[in-house]
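The values are calculated or read from the model by the stated rules, or taken from the named source; none is laboratory data. Quantities reported herein were computed from a predicted structural model and do not represent experimental measurements. Here the Cβ positions follow ideal geometry from the backbone for every residue, glycine too, while neighbour counts run over all protein chains shown.
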Amino acid sequence: MASYLRLLCIALCLCLSSCAINVSPSAFFYQDTNQKPLDTTKLHAAIQQDKTSAGITRVEVKNNQGLMLRGVAVSYPTPMVNVLFFADNRMSISENNSVIHRMGKLPANILWLDYQGVGASEKSNDLSIDAIKQDALTQFDYVKTTFDNTLPTIVHGRGIGSYFASYVAANRQIDALVLDGAFNNISDLIANMVPGFSNAITSMRLHDEVHSMQIAPILRHYDGPLWLVVGEQDKITPYPISQQLLAQSASEAKLISIIPGATHNATLRSDYAISEYRRFLASLRR
């Protein structure tokens, strides 16, 4: 996260003009310079350390642009749910295998593909948030044809991924939505991530695609089950944001959990978080 903040600062400085910054998709949404091999070593090690078992399948899905999105489908024994996971900015599968194993303890079937231009997935010449939104729908459709359809299919978004998860909820019939360290709009998110800029910059000029990344308008029309989870020590997307999103949601089956001591990137690391996740899943069965 620290390296991402440095990159964001540089990008914003380059866009600085007349007390305003132009926030384009490429200035905000991280892209790797080079494509990297998919590495599941840490996931295998975590499974072996816990003396559990899981089926790990490397997945390739071609998107509407003809780019290959790569990731993993992981199936744990006697799953309760299918989970489509959308990661935070600069969060590749190869470097964050522990997240998969934590969710697997629900237990669950999990699909996670790297965003285009991140990790093992192919990169477009021109980054488009709209294209990534379409990728999200493609991934959901893939889950529905791959995993056990007798199980609930939930969409889980962390950080930036909470927007793409919400977008899927607005355009597909999902069984539940999980927003993990969610934000409301990009201006507020940038101000929290790079607080020094808020003192010197009077306005931001958001590219239309970046400006559209707002979650509250979606939740006002989403009436399905909703769980918001946020770390007690989250400074990037602090608790009041999740509290506001919860209040604006049209759902009548909604929960919010604060994970003690957790930062923005660590919500699912505690046993308490997993127990809260299971409590939410139990509410679906009721």
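General remarks:
- Cβ-Cβ under 7 Å pairs, at least 6 apart or on other chains, segment 98-111 side more than 11 Å from residue 80 (Cβ to Cβ), far side surrounded by fewer than 23 Cβ atoms within 10 Å (Cβ to Cβ) and charged (D, E, K, R): 98/42; 102/269
- Checking each residue in segment 103-135 for being among the charged types (D, E, K, R) and under 15 Å from the mean Cα position of the chain (by Cα) picks out 114, 133, 135.
- Count of segment 142-173 residues which are in contact (Cβ under 8 Å) with a residue 12 or more places away in the chain and either part of a helix (DSSP H, G or I) or within 16 Å of the chain's Cα centre (by Cα) (or both): 22
- Filtering segment 35-54 to residues that are loosely packed, with under 13 Cβ neighbours inside 10 Å and modelled with pLDDT under 95 leaves 41, 48, 49, 50, 51, 53.
- Failed item, numbered, when residue 48 is tested on (1) in a loop (DSSP other than H, G, I, E, B); (2) out of contact with any strand residue (DSSP E or B) (no Cβ under 8 Å at 6 or more places or on another chain): (1)
- Scanning segment 47-58 turns up no residue that is within 30 Å of residue 25 (Cβ to Cβ) and touching a residue at least 24 places away in the same chain (Cβ under 8 Å).
- Residues of segment 266-286 satisfying the condition of being in contact (Cβ under 8 Å) with a residue 12 or more places away in the chain and in contact with a strand residue (DSSP E or B) (Cβ under 8 Å, 6 or more places away or on another chain): 266, 267, 268, 272, 273, 276, 277, 279, 280, 281, 283, 284
- Condition met for residue 253 (touching a residue at least 24 places away in the same chain (Cβ under 8 Å), closer than 26 Å to residue 135 by Cα and small (Gly, Ala, Ser)): no
- Segment 129-150: number of residues that are under 12 Å from residue 61 (Cβ atoms), surrounded by fewer than 15 Cβ atoms within 10 Å (Cβ to Cβ) and modelled with pLDDT under 95: 1
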